[in-house]
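Engineer: The structure is given below, and queries will be raised subsequently.
The values are calculated or read from the model by the stated rules, or taken from the named source; none is laboratory data. What you see is a predicted model; the values in this text were computed from it and never measured. Every residue, glycine as well, gets a Cβ built from its backbone with ideal geometry; the counts of neighbours run over all protein chains shown.
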Amino acid sequence: MRAGEVEGASRRRQRTSEAPSAVTVLTADDIQKNGWRTLSDALNSVPGLYTTNDRDFWYLGARGFNRPGDYNSRYLLLINGHRLNNAIYDSAPVGPEFPLNLDLIERIEVIPGPGAAMYGNNAFLGVINIITRKGRDVGGVEASASGGSHVSGEGRFTYGQFFTNSGVELLLSGDYGYNPGPRHLTFTDAAGNTWTSRRRDYVETARFFGALSWKNLSLNAALSHAPNGLPSGVYASDPGDPRAEWKEQYGFVEVKWEHSSAHFSF
């Protein structure tokens, strides 16, 4: 894809100047220069969008509207055009539970406003389309490791290649990260009762992504497991209860065949 092109506005590749909507594009260079580590970090830089977190879930708001109890069901989240909103709450994962490492992203397309006429359910406040890197963009092996506060760490291994003899393009990547969070968190309710939560604000991520393409045929697959502790006492539990844990698991396999001509495409 050339610079200045988008796919999410019309569900086909076109120049930004021809797109029938205002589109904000965040590139891989933007992600690297700003040090964004989660999708919510990147979306906070988009005018009109903001994220909040109650230590249980990450919520996405637009232009001051963020309905309490809504798990981002008014936004449609796509990876290479594949719908990621789950089938239970229609929620869109924008926090650490997002099943793709940001180092694998080529660009993030944010199309604000209603898009239900083209995409159907969930595309009420906007569409977010994630375009991943291709095997030729990696051209071999990438490995990275990082660490931070609270003795947190993350590691990633990626292999990508374009085989000129066969025309096959392959991308495989896996990563793991763990952040134990603050050692102590103290909560006080309206009656003045105080609880201390110890090491219950952890976040763990284990993710795999693969992409294979040959001529007009392509295959994309993703699998992620992201448990995180719930330190604040949700669902009538006591703050700091070691049994309180939220597990986000995402997975999909998509096989796609595309053909285009001067008159139509499918």
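Engineer: Starting from the stretch 95-107, keep only residues that are over 18 Å from Val141 (Cα atoms) and modelled with pLDDT under 95, then list their pairs with residues that are of a type in the set (Asp, Glu) and assigned to a strand (DSSP E or B) whose Cβ atoms are within a distance under 6 Å, requiring at least 6 positions of separation or different chains.
Structural biologist: Glu97/Glu248
Engineer: So is Val127 in contact with a Leu (Cβ under 7 Å, 6 or more places away or on another chain), more than 26 Å from Val255 (Cβ to Cβ), surrounded by 15 or more Cβ atoms within 10 Å (Cβ to Cβ) and aliphatic (A, V, I, L, M) or not?
Structural biologist: When the stated conditions are applied, Val127 does not pass them.
Engineer: Go through the stretch 232-262 and give me each residue that's on the phi > 0 side of the Ramachandran plot and either of a type in the set (A, V, I, L, M) or assigned to a strand (DSSP E or B) (or both). Steps first, please.
Structural biologist: Looking only at the stretch 232-262, we keep the residues that are on the phi > 0 side of the Ramachandran plot, and these are 233, 235-236, 240.
The one that is on the phi > 0 side of the Ramachandran plot and either of a type in the set (A, V, I, L, M) or assigned to a strand (DSSP E or B) (or both): Ala236.
Engineer: Moving on. Ser73: free of Cβ contacts under 8 Å to residues at least 60 places away in the same chain and more than 13 Å from the chain's Cα centre (by Cα), yes or no? Walk me through how you get there before you give the answer.
Structural biologist: Numbers: free of Cβ contacts under 8 Å to residues at least 60 places away in the same chain: yes; more than 13 Å from the chain's Cα centre (by Cα): yes.
Yes: the conditions hold for Ser73.
Engineer: Here's a follow-up. Being of a type in the set (Gly, Ala, Ser) and under 16 Å from His82 (Cβ atoms) is the filter here, so list the residues in the stretch 97-138 that pass it.
Structural biologist: Within the stretch 97-138, Gly115, Gly120, Ala123 meet the criteria.
Engineer: Restricting to the stretch 137-177, count the residues that are touching an Asp or Glu at 6+ places or on another chain (Cβ under 6 Å) and either surrounded by 20 or more Cβ atoms within 10 Å (Cβ to Cβ) or at pLDDT 95 or above (or both). Talk me through it step by step, then tell me what you get.
Structural biologist: Going through the stretch 137-177, the residues touching an Asp or Glu at 6+ places or on another chain (Cβ under 6 Å) turn out to be 146, 156, 158, 162, 177.
Filter once more, keeping what is either surrounded by 20 or more Cβ atoms within 10 Å (Cβ to Cβ) or at pLDDT 95 or above (or both): 156, 158, 162, 177.
Summing the residues that are touching an Asp or Glu at 6+ places or on another chain (Cβ under 6 Å) and either surrounded by 20 or more Cβ atoms within 10 Å (Cβ to Cβ) or at pLDDT 95 or above (or both) in the stretch 137-177 gives 4.
Engineer: Between residues in the stretch 189-212 that are polar (S, T, N, Q) and residues that are buried (at least 17 other Cβ atoms within 10 Å of the Cβ), which pairs lie under 6 Å by C-beta distance while being six or more apart or on different chains?
Structural biologist: Ser197/Leu185; Ser197/Pro231; Ser197/Pro239; Ser197/Gly240; Thr205/Pro96; Thr205/Gly177; Thr205/Ala226
Engineer: So Gly153 passes all but one of these: (1) touching a Gly at 6+ places or on another chain (Cβ under 7 Å); (2) part of a loop (DSSP other than H, G, I, E, B). Which condition number does it fail?
Structural biologist: Among (1) touching a Gly at 6+ places or on another chain (Cβ under 7 Å); (2) part of a loop (DSSP other than H, G, I, E, B), the lone unmet condition for Gly153 is (2).
Engineer: Looking at (1) farther than 30 Å from Tyr159 by Cα; (2) without any contact (Cβ under 8 Å) to a residue 24 or more places away in the chain, which one does Val234 not meet, given that it meets all the others?
Structural biologist: Only one criterion in (1) farther than 30 Å from Tyr159 by Cα; (2) without any contact (Cβ under 8 Å) to a residue 24 or more places away in the chain is unmet by Val234, namely (2).
Engineer: Let me ask something else about it. When the residues of the stretch 226-266 are filtered to those that are among the hydroxyl-bearing types (Ser, Thr, Tyr) and exposed (fewer than 10 other Cβ atoms within 10 Å of the Cβ), which remaining residue is modelled with the highest pLDDT?
Structural biologist: Step one: of the stretch 226-266, the residues among the hydroxyl-bearing types (Ser, Thr, Tyr) are 232, 235, 237, 250, 260-261, 265.
Narrowing the set further to residues that are exposed (fewer than 10 other Cβ atoms within 10 Å of the Cβ) leaves 235, 261.
Details: Tyr235: 76, Ser261: 64.
The qualifying residue modelled with the highest pLDDT is Tyr235.
Engineer: Take the conditions modelled with pLDDT under 85 and buried (at least 16 other Cβ atoms within 10 Å of the Cβ) and apply them to Arg199. Does it pass?
Structural biologist: When the stated conditions are applied, Arg199 passes them.
Engineer: Would you point out which residue out of Ser173, Ser197 is among the small types (Gly, Ala, Ser), part of a strand (DSSP E or B) and over 18 Å from Asp56 (Cβ atoms)?
Structural biologist: Answer to the check: Ser173.
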